[in-house]
Amino acid sequence: MSNFTKAIVLDLDETLVHGYCKDKIEIMILRPNIDKLIEKLQQVKEQNIDIILCTTSRNNWVNKFLELKPIFKNIFDRIYTRDNEEEWRYFDKKNFPLEYSAKSQNINLEYLKPITTFGYDQVLYIDDNKLEEIRLQILFELTKGQLYKDITFFTGFKFYRKSMIWEKILDYCNGINENFNLNQRIKEYLKLEKLNPGCDMIISAINSFVNKPFKQGLSVLDKVYFNEYKQYDERMSKLQQEIQKIIECEKV
């Protein structure tokens, strides 16, 4: 049994949910197939691997997410947000001398989610923002092999739904749309969205991480899944363009 402590750190926006504001109302859309991810996270917790939510969103947005999926209250061991960032955001010189020194050398690290402050030896970091990967690379480069951490990074590929399409989906579900062609495309869109492979890929990354022996440094998983997700994303983008074109024609 390994003595190395492990944690999975999940971002919120565009990783687990997509959100936007309409008429001053905040809309939150859960990532497709998130229930499969929930099941995997519950299994992981039984293996003494902690699950952490780390987001720069405010507490009210996180609470909205927990209202949509209350089960996450029992999944997350810790929740870090912009409203409690004093607990996790900053490297103090005494406890994190390597990170503190690196941060003072490169301004890009001012915005790094400093996951090394969480106290785990191995961390799987899932965040749609590729800039976080670059910042982690900078951190490991500037610490010159002295940072004894095993960090695995995976974007999970951004989940995003255009607000214009979301509104037409609502009309479709409520039986308001009268445009047959648009309704057919919306139906195709919803069917394709259910096939979004993002959660399956995150689960695959988790499986690899659970069985991974300690290896100092940064590992990036995006290349493993890139081609498969690209094929899906191209299909989805083409369908979005068709829907948007129909919507634009309706306005004429």
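Only the coordinates and a few stated rules stand behind these numbers; no lab work does. In this text the structure is predicted, and so the values were computed from the model without any measurement. Virtual Cβ from ideal backbone geometry, glycine too; neighbours counted across all protein chains shown.
Here, segment 173-252 is characterised by an Rg to Rh ratio of 1.20, where Rg is the alpha-carbon radius of gyration and Rh the Kirkwood radius. Over all Cα atoms in segment 159-207, the spread is summed up by Rg and Dmax: 13.9, 45 Å. As a size descriptor, the averaged projected area of the C-alpha convex hull of segment 1-45 was calculated at 4.3 nm².
Post the alpha-carbon centroid distance, segment 7-66 to segment 183-252, in whole angstrom. Value for the Cα centre distance between the two parts: 17 Å. Among ASP233, ASP150, a tally of other beta-carbon atoms within 10 Å of each Cβ gives an order, fewest to most, of ASP233, ASP150.
In whole percents, the pair-distance distribution calculated for segment 102-156 from its alpha-carbon pairs, binned every 10 Å from zero, is 24, 60, 16. Note on segment 186-226: Rg/Rh from C-alpha atoms, Kirkwood Rh, equals 1.18. When the Cα convex hull of the chain is projected onto planes of every orientation, the mean area is 15.3 nm². For segment 1-105, the list of chymotrypsin sites (Phe, Trp or Tyr not before Pro) that fall in a loop by DSSP and count at most 15 other C-beta atoms within 10 angstrom reads PHE4, TYR90. Take the Cα radius of gyration of segment 129-224 and divide it by 2.2 N^0.38 Å, N being the number of residues; the result is 1.62. When only the Cβ of Lys, Arg, Asp and Glu is charged (+1, +1, -1, -1), the dipole of the chain relative to its Cα centre reaches about 220 debye. Both numbers refer to the Cα atoms of segment 30-84; Rg and Dmax are 11.5, 31 Å. With a cut-off of 9 Å between beta carbons, the residues surrounding LYS212 carry a summed charge of +1, where Lys and Arg count +1 and Asp and Glu -1.
A Gaussian network model of the chain, with springs between Cα atoms under 10 Å, assigns the largest mean-square fluctuation among GLU14, GLU234, GLU99 to GLU234. Seen from TYR80, the other residues with C-beta closer than 13 Å to its C-beta sum to a net charge of -3, counting Lys and Arg as +1 and Asp and Glu as -1.
Entry note, segment 148-237: relative contact order of 57 percent, from Cα contacts under 8 Å with a spacing of 6+ residues. Computed over the chain with a Gaussian network model linking Cα atoms closer than 10 Å, the most mobile of ILE151, ILE206, ILE186 is ILE186. Shape call for segment 1-118 from the C-alpha gyration tensor, a ≥ b ≥ c root eigenvalues: rounded (a/c under 1.5), prolate (a/b greater than b/c) or oblate? Oblate shape, in that a/c is at least 1.5 and b/c is the bigger or equal ratio. Sorting the Cα pairs of segment 53-147 by distance into bins of 10 Å, from 0 upward, gives 14, 45, 30, 11, 1 percent per bin.
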